[in-house]
Structure formats: structure tokens, C-alpha cells
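So the structure is just underneath, and the comments pick up after that.
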Amino acid sequence: MLNLLRSITKTWVGKIIGVFLIIGLAGFGISEVIGTLGSSTIATAAGTDISTRDFQRAYQNQLNAFVQQNGRMPTNEEAMAAGIPGFTLQQLAAQASVNKFARDLGLGVSDTKLGDMVRTDPNFAGTLGAFSADNFKAVLQNSGFTEKEYFDLQRDAARRQQLLAGLTGTSPTPEAALELVSRYVGDRRTVDYFVLNATSIPSVADPTEEELAAYLATRQAEFRTRETRTIDVLVLTPETLAATKTIPEDQIAAEYERTKDSLVTPERRAIQQVALSTPELEKAFTDGLAAGTPVSQLVTAAGVTPSDLGVRARSEVTDASLATAAFELASTDAFAIIDGIGGTKRAVFVSEIQPTYQVTLEEAREDITLKLGTDIARGEIVDLLDQIEELRAAFKQLPEIAERFGLTVATVTITEGGAELADSTDVPADARSSVATAVFRAEQGSLTPAVTLGSNRNVWFDLKSIEAARDQTLDEVRDELVAAWTAEKTAEALTTEVAITLDKMRAGMSLVDAAAELNQFPVPSLPIGRDGDGTPVLNATVAEAIFAGGPGHFGAAVNGDGDQVVFQVIEVTPAEANAATPAIEQFVANSITDGLDADFQRGLLDVSDLKINQQVLMNLLSLNSTAQ
């Protein structure tokens, strides 16, 4: 199918069909397809422009999800066939429609709240765990966001959360839904069963040469080499350029002295507490506090288990009274009694105190060297990028360019997914699939353009050789072929044996007698649910077959070990009334919320007056003639 799509989309007819297929795959009401929007706008929905930048970012996220599932970047035709462009447009249009609706209602978030969200986001934390403005800027730069774009996205996300909370409110979960799900999840079956595997039947004979050759011929597609391409790779980023810089010792020392006050690890304490939930417990700890009794003795005597709140700095403890009590204790023997929940008290103590620590020059040397080198690199990299592009235009090879500027070229052989780029190159993990896609679209002998990873971050490659995929010979895959043939024939023999056994049981033979004919003995199971018993033997697949019938039902299924399980249901235990667990309640509530959200978005999409810029869409998806 994909090969057919590739061949079709190389023609003009295919290009036209492809565009309308993309639009059709969106699966939502497109009121108009136009070519009059600006070149930076791919669509409008609810009067809101959807920029090409937003589409490219969302589209790339969907392609990355495809890579995670399939191990490689899809071609344009494969992405089109999978409906990725249409889904991306639908997602962006839905977000735009919801955002417009929320703005019209006056929903929003204050700048103060937005600032708090940023400061507490762990993605922006520095080495000491606190917010780092440098990390914030670096994360945004690597993600391709400006600060304004990031804050706008956070505001829109907050509006959508408020809107969804308003839709669902505090409505109670329907009892009928809870009962149905509880009954489905809570039903139990008890079975007698026995297991058949390769050791339960005579071994199959070794295959002959003729059988192996015939087997390979019918499964040749499974026994092929993968196309590989050998490339020279040059990665230029501020970090890789910084690694080439030698920083004088006096500059490192001076930078350490300048930033010394910030290179301090704050005091951290392992905080624990005991809820004084009874008058007796409260009195024991109160008396102990007055007598100066070590807290460990009081905990042991009371037979209670403290709650471990983790090792934290004072700034990380949001409960002010808890922070004050924990960080004013003089030792690990001391404790304090403070107010708890519902009028009760709690005893607070610490099991470990990690004092404030000044990072030494030696410990900070590597980070300081990288920072100073990166500062130098940022001042040089723009000019260096221009010089490299000029040399590339003059058809200079990467090793020569790298030698001139003191950079490093790696030679690597990669497959289509690009996983091999992790071994010997500086290509970031999230860019390997993009680089590999460019490599596998390149033609040997042609000048290849740079792969841009972001601002001032480029990868160049020279395609040195191509090893085409080919059929493997019998001698190359003999061992794998014998193993596969033997496994298949054994599975067929087992399936036949199981079918014969089940036919005998249908004719009235008991499970015990059927097992005895195969030198097996049935064993009883514990009551199991629809997910099985948590082992590979009676896994979810076997459980599905078991739950297909009531008492007396019998059958067989392949379990997690690849063995055949022959079973008969002995007893059915219905779920208890009102057996809804917190997990079930949460599942039902989330399902209702997700359903309302999806219905609400579909409703807004129906009246969103969506318009698509056809020409821009074609350009972005490389379907027009200039992109071929």
C-alpha cells in the first residue's frame, strides 16, 4: 500500500489527490479551502490564525510519536496515509476554538500566577534545584519557542483547564456506570487447567535442505538486510564549539570567585513526622518533649511508624509551620510539636541534617569551563556557520572543513532509524531521526544541505556509500531459519493436539481424562480476574478466553510463555455489591470528563468556520513541484 502511494504521489495527479486526501483525512467540517491567507498562516479557526510555525511544531511532535512507535521517520506519503497532517490540523483547530471560547468568557490567568508556574517547573531548575533563568532560556531555545510564545501557550492551557473544570464541575459519578464497571472488573473465575508446550509432545524432525529452502522462499521478506548508509557527520552547536576552546586557568579562577556566592548547596534535612492522633499519644510526646527524651525512643515506645517527607531544603517545604519547626531543630534527637489536621497535633523531627555546602573550585571547574567556552562560542558561531556554508558551496568535504576550524568529523554507518548516531556523534537524541531522514533522502555525489536543529545548531553530512537492502542467503540465516521452522512446526503440532483434546471434551471426555491421555494432570487456580493472575501462565489473553463462558465452559489459549493452556471453568464468583474501588471511580470520572471534553471540542469545531491555506499546506508537506 505504501509503495503504491509513493509511486502515485510522484505524479501531478497524485499530488492533487494527495492534497485532498490530507484534507479529507482530517475528519471534521472544513467549511472552506482557500489560497488567500497569508504565507505565514496555514489555517484559521474561530477567527484565530493558526501559524505555519505552530503547525510545523505540532506536526513534528506527531512525527516524533510515529518514530517512537515505529522506530523510523515516516515519508510524506506514509504520514499522509496515516492521517497525521489532518489530525494535526484538527488538533490545532480544536485548541484555537476552545481558546477563543474561553477568552470570550473572560477566563485567564494572572501574570503572578504564570510566574509562579514557571518558577516551580522542574524543567527550568538549575543544579541546585532552584529556578534558573539560563536554563529557562535554553529549554525554550531548544524547543523552538520564544518567551512570548511560551507564556501565550501557558495562558491558553490555563484557560482550557478552567473551562474543562467548569464543564465537569462537581457532578457526581453515575451509580449505574460505577456498578457496571465494578461488576465487569470484579467478576472472578476459578478454573482447572493444564499446560502444553514443546516438552509435552514428540520433537519435530530436523528440516531438510529442501524444506529450509522452501521455507526461506515463502518468508524471504523476513530475512533481508537493512539498507545502510555511511556518512561523515559534522555537528556544530555552541556546545560542540565550546568543547574546542581552551580556557586559561586564571579565567576559570576569576569566574569561580565572581560566582562563588551562588555555588552553594543549601542545608537540607530528612524530615519525618508522627500524627498524634490519640490523647495518649499526644501526652506521651508532650511529656517526652518536656523531659528532653530523644525522639527515637518515643517513636519506639509508642510503636508508631513516622511519615517520611523526604530530604528537602527549607525553600522546598510549602508548609510554613513545618519548615520552621524542622529547620530550627538543633539535632536529630530533638523534635517539635505543631498543629496537625482537624485540631490534632503532630511531632516533627529530622533523621538527617545535610549542612550548607560551598562548592569548591575543582568541583565547579568543568561547569565553569563549559560556560566560559559556550560564551566564547556564541560570539563566534554565526560567523563560523557562514564560513562553513561558503566552503560547502565550494564543494569542500567535511574532513577538510573540520580540520580548518579544529572541529571533529565522525564517520558512521546508519540504518533508516538513525539509532547508530548515538554511538559516535554529537547529534542530540531528539534530532537523530530527522538527520537520518535527510541522509536517506540524499543522493550520493550531490551536495547535501545542512540539517537545522534550531538557532545556531546545524548538522552537515557527506554521503560516502550506500549498502542497499538485499535478500539474505540460506547460508547467512541458516541457524535463525532452523529455529523459526522448528518453532512453527512445533506450534502447529501443539495446535493440532489441543484441537484434538477439545474435540474429545466436546464429545463428553472430562478434563482429567483428557489431561491423562497427554501425561498431564489438571491443577486448580485461585479466583482470577479479567487481567489474569499476574503471571505469564494465566495472563490476560488466557483470562479473556476463560471469561468467554460460565461454569463448565472450556477452551484453550496461548499464554505469555507461548504455551497452550487448556482449561475448564469450575466456579464463577460475581463481584460484590458496591465494590467500586477508588481506581474504578477515578476511571469512570476521567472517562466522563474526557467524553465531555471531546464532545465540546467537536461542537466548537462544527461552528469554527475553519479555512485552510491550500498552497501553504502543500509547501509545508513538500507536495508541490518545487519541493521535489
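Quick notes on this one:
- Here Asp471 fulfils each of the conditions (1) surrounded by fewer than 18 Cβ atoms within 10 Å (Cβ to Cβ); (2) closer than 22 Å to Asn70 by Cβ apart from (2).
- Annotation for region 586-606: at least one member residue is open to solvent by 50 Å² or more (accessible area, probe 1.4 Å), in contact with a Gly (Cβ under 9 Å, 6 or more places away or on another chain) and either at pLDDT 80 or above or not basic (Lys, Arg) (or both).
- Here is the figure for region 483-503: residues that are more than 17 Å from Pro202 (Cα to Cα) and surrounded by 14 or more Cβ atoms within 10 Å (Cβ to Cβ) total 2.
- Condition check for Val118 on (1) of a type in the set (Val, Ile, Thr); (2) assigned to a helix (DSSP H, G or I); (3) surrounded by 15 or more Cβ atoms within 10 Å (Cβ to Cβ); (4) out of contact with any strand residue (DSSP E or B) (no Cβ under 9 Å at 6 or more places or on another chain): one failure, at (4).
- Test: residue in region 17-25 that is of a type in the set (Gly, Ala, Ser), surrounded by 14 or more Cβ atoms within 10 Å (Cβ to Cβ), part of a helix (DSSP H, G or I) and at pLDDT below 80: yes
- Residue in region 108-128 that is farther than 21 Å from Arg159 by Cβ and touching a Pro at 6+ places or on another chain (Cβ under 9 Å) present: yes
- Residue check for Phe440: farther than 12 Å from Leu236 by Cβ and at pLDDT below 90: no
- Once region 155-180 is narrowed to residues that are open to solvent by 50 Å² or more (accessible area, probe 1.4 Å) and under 17 Å from Lys113 (Cβ atoms), the residue that is modelled with the lowest pLDDT is Ala165.
- Pairs where the first residue, in region 541-556, is in contact (Cβ under 8 Å) with a residue 24 or more places away in the chain and the second is polar (S, T, N, Q), C-beta under 6 Å, 6+ apart: Val542/Asn559; Phe554/Gln568; Ala556/Gln564
- Residues that are within 28 Å of the chain's Cα centre (by Cα) and exposed (fewer than 15 other Cβ atoms within 10 Å of the Cβ), drawn from region 91-112: none
- Of all residues making up region 286-303, the number that are farther than 15 Å from Ala334 by Cα and outside any helix (DSSP H, G or I): 1
- Picking from residues in region 562-602 that are touching a strand residue (DSSP E or B) at 6+ places or on another chain (Cβ under 8 Å) and charged (D, E, K, R), the one that is nearest to Gln520 (Cα to Cα) is Asp563.
- Among the candidates Val195, Val191, Val185, the residue that is β-branched (Val, Ile, Thr), outside any strand (DSSP E or B) and either open to solvent by 40 Å² or more (accessible area, probe 1.4 Å) or within 30 Å of Ile546 (Cβ to Cβ) (or both) is uniquely Val185.
- The residues of region 359-374 that are open to solvent by 70 Å² or more (accessible area, probe 1.4 Å) and in contact (Cβ under 8 Å) with a residue 40 or more places away in the chain, listed by number, are Asp367, Leu370, Lys371.
- The sole residue among Val233, Val264 that is modelled with pLDDT of 90 or more, of a type in the set (A, V, I, L, M, F, W, C) and within 30 Å of Gly373 (Cα to Cα) is Val233.
- Residues in region 158-184 that are farther than 20 Å from Asp599 by Cβ and without any contact (Cβ under 8 Å) to a residue 12 or more places away in the chain: 2 in all.
- For region 504-533, a residue qualifies if it is under 17 Å from Gly549 (Cα atoms) and part of a helix (DSSP H, G or I), and the qualifying residues are Met505, Arg506, Leu511.
- Cβ-Cβ contacts under 7 Å between residues 6 or more apart (or on different chains), taken from a first residue in region 46-72 that is closer than 25 Å to Phe101 by Cα to a second residue that is polar (S, T, N, Q) and open to solvent by 50 Å² or more (accessible area, probe 1.4 Å), are listed as Ser51/Ser40; Thr52/Ser40; Ala58/Gln91.
- Some residue of region 273-288 being at pLDDT below 90, in contact with a Leu (Cβ under 9 Å, 6 or more places away or on another chain) and crowded, with 18+ Cβ neighbours inside 10 Å: no
- Subset of region 122-137 (residues that are without any contact (Cβ under 8 Å) to a residue 60 or more places away in the chain and surrounded by 14 or more Cβ atoms within 10 Å (Cβ to Cβ)): Phe124, Ala125, Phe131, Ser132, Asn135, Phe136
- Filtered by the rule that a residue be in a helix (DSSP H, G or I), under 20 Å from Pro74 (Cβ atoms), of a type in the set (A, V, I, L, M) and within 22 Å of the chain's Cα centre (by Cα), region 417-457 gives Leu421, Ala429, Ala431, Val435, Ala436.
Results for (1) assigned to a strand (DSSP E or B); (2) without any contact (Cβ under 8 Å) to a residue 24 or more places away in the chain; (3) touching a strand residue (DSSP E or B) at 6+ places or on another chain (Cβ under 6 Å), shown as yes or no for each residue.
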site	(1), (2), (3)
Arg229	yes, no, yes
Leu234	yes, no, yes
Thr240	no, no, no
Arg258	no, yes, no
Gln273	yes, no, yes
Ala284	no, yes, no
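- Condition met for Phe327 (aromatic (Phe, Trp, Tyr) and either surrounded by fewer than 17 Cβ atoms within 10 Å (Cβ to Cβ) or closer than 11 Å to Ala347 by Cα (or both)): no
- Selected residue (criterion: surrounded by the most Cβ atoms within 10 Å (Cβ to Cβ)) from residues of region 534-545 that are small (Gly, Ala, Ser) and outside any loop (DSSP other than H, G, I, E, B): Ala543
- Top-ranked residue in region 29-54 [being at pLDDT 80 or above and open to solvent by 50 Å² or more (accessible area, probe 1.4 Å); ranked as nearest to Val616 (Cα to Cα)]: Ser40
- Val204, sole failed condition from (1) in a helix (DSSP H, G or I); (2) in contact with a Lys or Arg (Cβ under 7 Å, 6 or more places away or on another chain); (3) among the aliphatic types (A, V, I, L, M); (4) at pLDDT 85 or above: (1)
- Arg312 among the basic types (Lys, Arg), more than 19 Å from Leu281 (Cα to Cα) and at pLDDT 90 or above: yes
- In region 403-430, the residues that are farther than 23 Å from Ala469 by Cβ and open to solvent by 20 Å² or more (accessible area, probe 1.4 Å) form Cβ pairs under 6 Å with partners that are in a helix (DSSP H, G or I) and modelled with pLDDT of 90 or more, at six or more places apart or across chains, as follows: Val409/Leu398; Val409/Pro399; Val409/Ala402.
The values are calculated or read from the model by the stated rules, or taken from the named source; none is laboratory data. Everything numeric here is computed off the predicted structure, so don't read it as measured data. Positions of Cβ are backbone-derived with ideal geometry, glycine not excepted, and every protein chain shown enters the neighbour counts. Please note that ligands, DNA and RNA were not included when accessible areas were found on the heavy atoms of the full protein model with its side chains. Shrake-Rupley method; radii C 1.70, N 1.55, O 1.52, S 1.80 Å.
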